[in-house]
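Since the structure comes first, as structure tokens, the remarks are kept for the end.
Read-outs throughout are calculated quantities, based only on the coordinates presented, and are distinct from any laboratory measurement. Here the structure is a predicted model, which means the values were calculated and not measured. Positions of Cβ are generated from backbone atoms using ideal geometry, with glycine treated the same way; all protein chains shown enter the neighbour counts.
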Amino acid sequence: MMELVTTRKLHLLSGRTHPALAEAIAARLNVPLGDAHLVDFANGEVRPRFADSVRGADVFVLQSHGRTAGRSINDSLVEQWIMIDAAKRASAKRITAVCPHYGYSRQDRKSKSREPITARMVADFFLTAGADRIISVDLHAGQIQGFFNGPVDHLTAVPLLTDYLRTNAPSGDFVMVSPDTGRSKVAEQAARYAGTDIDVASVYKRRGKDSVNQVEAFDVMGEVEGRHCVLIDDMIDTAGTICAAADLLVAKGATEIWAMATHAILSDPAVDRLKNSVVSRVVVTDTLPLPPEKQIDKIEVVSVAPILAEAIDAVFTDRSVSAIFGGENQT
């Protein structure tokens, strides 16, 4: 009589957008990072061929959706989808797409006629490729979780950012500021993590009717005069929102301005804007790689590897992911 013994296996594989983060996560999980053996053909098509068998394994395919040298955000997405398809066809038991930064997340609704809802389309492609689950960090809009027909573990980097703030802020007298009214809940969440006596303020802004990446800041709701203000957002792209808000806070009497964000997209001219702005420190995470030319003195980076590794371990062992954040990741 044959006795079957089931051995659970965790395989972590990474695309080529952010290998440093993948290595850091693998080190914290104490597992080897799998060799996806990614090859580019002459016409630009990509082909993975995993070095090890993933049959019956829990496979986590990590890729952050961003640009790197010679590669677009679309390259990042397609590469991850193809790797997921390869894992599915290799008989993986369960496939989790780990997306530290979820691409196209700002296109989560139709704001004008004849526009796509691309965040939904990206979710559909993950399902079609064969992903059973998605893990991501600080989605631009919480409703994106509902675009995927399966579990979505929505992590937040706010505890990491506020830990940095508590350790490095020159005094405890600071106010968390939302750069626009739509991000006020993020500022409130950060204030809860930072301490029970932390004040919250919000900047009211308006974009031009048909403008892109152009922001006008109008007024501040909350007391900022004579205070150390910490602007917090989910991402910094061209830095127009952050810099316009910082200028307004200084005009209202703020003494020092810091900026914090999870995703450092930093599209041109973001670095020049930040370098020449009144913001004295910019704290971001490593959900996206930060190339050397963007590593200015103002920018400090904290790693999301600890929370991603803990979430991956929780999924692998069938434990609660939201318990890691005390439920705050769902707010």
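Calculated from the structure, Cα Rg over 2.2 N^0.38 Å equals which of [x] 1.04; [y] 1.18; [z] 0.97? Correct label is [x]. Rounded to the nearest whole Hz, the Karplus-based 3J(HN,Hα) values (6.51 cos²θ - 1.76 cosθ + 1.60, θ = phi - 60°) of the range 151-166 follow the sequence x, 10, 9, 9, 8, 10, 8, 4, x, 5, 5, 6, 4, 4, 5, 5, with x at glycine and proline. Can you find, among ALA22, GLY222, GLN145, the residue farthest towards the positive end of the dipole of the chain? Put +1 on the C-beta of Lys and Arg, -1 on that of Asp and Glu. Working it through, the farthest residue towards the positive pole turns out to be GLN145.
When ranked by the protection proxy of mean other Cβ atoms within 10 Å per residue, highest first, what sequence do the peptides 293-306, 139-152 form? Intermediate results must be reported in sequence, preceding the final value.
On the way: 293-306: 15.2, 139-152: 16.7.
Result, highest mean Cβ count within 10 Å first: 139-152, 293-306.
Full extension of the chain between PHE41 and SER53 yields a length gain of 2.0 nm, computed as 0.36 nm times the residue separation minus the alpha carbon distance. To the nearest ten degrees, helix 118-129 and the longest principal axis of the Cα atoms of the chain are 20 degrees apart. When only the Cβ of Lys, Arg, Asp and Glu is charged (+1, +1, -1, -1), the dipole of the range 125-181 relative to its Cα centre reaches about 80 debye. About its Cα centre, the chain has a charge dipole of approximately 860 debye under the convention of +1 per Lys or Arg Cβ and -1 per Asp or Glu Cβ, with nothing else charged.
How much of the DSSP beta bridge set in the chain is antiparallel, as a percent to the nearest 5?
Taking every DSSP beta bridge with both residues in the chain, the antiparallel ones total about 15 percent.
For the chain, modelled as a Gaussian network with Cα springs under 10 Å, which listed residue fluctuates most, SER53, SER64, SER178? Taking springs between Cα atoms under 10 Å, the residue moving most is SER53. For the range 158-303, the relative contact order is 20 percent, taking Cα pairs closer than 8 Å that sit 6 or more residues apart in sequence and dividing their mean separation by the residue count.
In this structure the amide hydrogen of VAL283, modeled in the peptide plane, comes within under 5 Å of the amide hydrogens of ALA259, MET260, ALA261, GLU300, none closer than 5 places in sequence on its chain.
Of LEU231, LEU33, LEU21, the residue with the greatest mean-square motion in the GNM of the chain, using alpha carbon springs below 10 Å, is LEU33. Angle of helix 184-194 to the longest C-alpha principal axis of the chain, folded into 0 to 90 degrees and rounded to 10: 80°.
If you count Lys pairs in the range 158-303 whose Cα atoms are under 27 Å apart, skipping same-chain pairs closer than 8 places in sequence, the total is 13.
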